[in-house]
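Okay, so here's the structure we're looking at.
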Amino acid sequence: MKCSCELGDTTILILEPEQYVGALKMNARRSTILQTENLTKRFGGLTALNRVSIKVERGSLTMIMGPNGSGKTTLINVCSGILKPDEGRVLFDGEDITGAPPHEIYKLGFIRTFQIPMPFLKLNVLENVLVAMKNSGESPLKAPLRPLWMKEEEENVKRAMEILGRVGLSDSWDKESFKLGGGQLKMLEVARALAAGAKLIALDEPIGGVDPAYANEILGYLSDLRKNLGITLLLIEHRIDLALPFADYVYVMDRGVVISQGTPEEVSNDPKVLEVYLG
Ligand code: ADP
Ligand code: MG
């Protein structure tokens, strides 16, 4: 620090330029969890993503909408490492993850739900969440120390039940997973992502094929995760009538390009968006 001076109750810090840059970077790390810069992905002659730059605020529910084929799924696939970009960068939680393999990105806490192995359908709901947890009980070194891992097991069950409560599956804890409906299975995937330590959960059309009442309930649970746990949610959705009210920030894509962004109100009043949806 160059120097500081007192002005009434306020201390003013005068920083060296490099300290200032450091402080700016720290701040960016705190507020933006995911960022893409000019991300481009081509499939042969088709440009599925054309210089896409987005920023996802930490702890937000950010929505990506756009008509079929506009590049939404490709965007999430490139960010989560399933596809490699042709150009551009992806930054997650302060790290450059461009082109990194999916399992590494997963370990950093960026979890795209279907990346988690499909729930073991024969296991019950609780067991599925327990399997997703990082558990040291399997360690051969710890195995003989039964009292130690018994305690850990107990705590894991408690934590798993708490997670199930947050996604509305408490009552189904002992159901075999194959007996769950489509929407409930998606919520089980969310529960497993939470158990695995997700910081950001990306969901591709989580309310597809779900009746409006349960769809609203699902969106409510997702929205609460961000409020109560600070989890960031990146949601692709095309049932915008239902999903838009839950979003903090929205990107609208068309033919591989971001054509609009802003609050739900801003994008739903944007003539460019109306043209894509109605025109
Ligand atoms: P959305 O999720 O918005 O419906 P996608 O990201 O799935 O759109 O697709 C964007 C475009 O890229 C579409 O024209 C689609 O046909 C094409 N596309 C997506 N994945 C592939 C692929 N693996 N190979 C070739 N073309 C693809
Ligand atoms: Mg898609």
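The values are calculated or read from the model by the stated rules, or taken from the named source; none is laboratory data. Note that the structure is a prediction, hence the values are computed from the model and not measured. Cβ atoms come from the backbone with ideal geometry, glycine included; neighbour counts cover every protein chain shown.
May I ask you to say which residue of 235, 274 is surrounded by fewer than 19 Cβ atoms within 10 Å (Cβ to Cβ), among the hydrophobic types (A, V, I, L, M, F, W, C) and assigned by TED's automatic domain parsing to the domain that holds residue 48? Selected residue: 274, the only one of 235, 274 that is surrounded by fewer than 19 Cβ atoms within 10 Å (Cβ to Cβ), among the hydrophobic types (A, V, I, L, M, F, W, C) and assigned by TED's automatic domain parsing to the domain that holds residue 48.
So that you can scan it fast, the table gives a plain yes or no per residue for (1) among the polar types (S, T, N, Q); (2) in the same structural domain as residue 258 (by TED's automatic domain parsing); (3) within 14 Å of ligand 1 (Cβ to nearest atom); (4) at pLDDT below 95:
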site	(1), (2), (3), (4)
23	no, no, no, yes
40	yes, yes, yes, no
46	no, yes, yes, no
57	no, yes, no, no
63	no, yes, yes, no
70	yes, yes, yes, no
78	no, yes, yes, no
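The single condition among (1) within 30 Å of residue 82 (Cβ to Cβ); (2) more than 16 Å from ligand 2 (Cβ to nearest atom); (3) not polar (S, T, N, Q) that residue 165 does not satisfy is (1).
For segment 103-156, filtered to residues that are hydroxyl-bearing (Ser, Thr, Tyr) and surrounded by 16 or more Cβ atoms within 10 Å (Cβ to Cβ), the residue that is modelled with the lowest pLDDT is 113.
Conditions tested, residue by residue: (1) in contact with a Leu (Cβ under 9 Å, 6 or more places away or on another chain); (2) closer than 21 Å to residue 74 by Cα; (3) among the hydroxyl-bearing types (Ser, Thr, Tyr).
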position	(1), (2), (3)
173	yes, no, no
181	no, no, no
186	yes, yes, no
191	yes, no, no
197	no, no, no
217	no, no, no
231	yes, no, no
236	yes, yes, no
239	no, yes, no
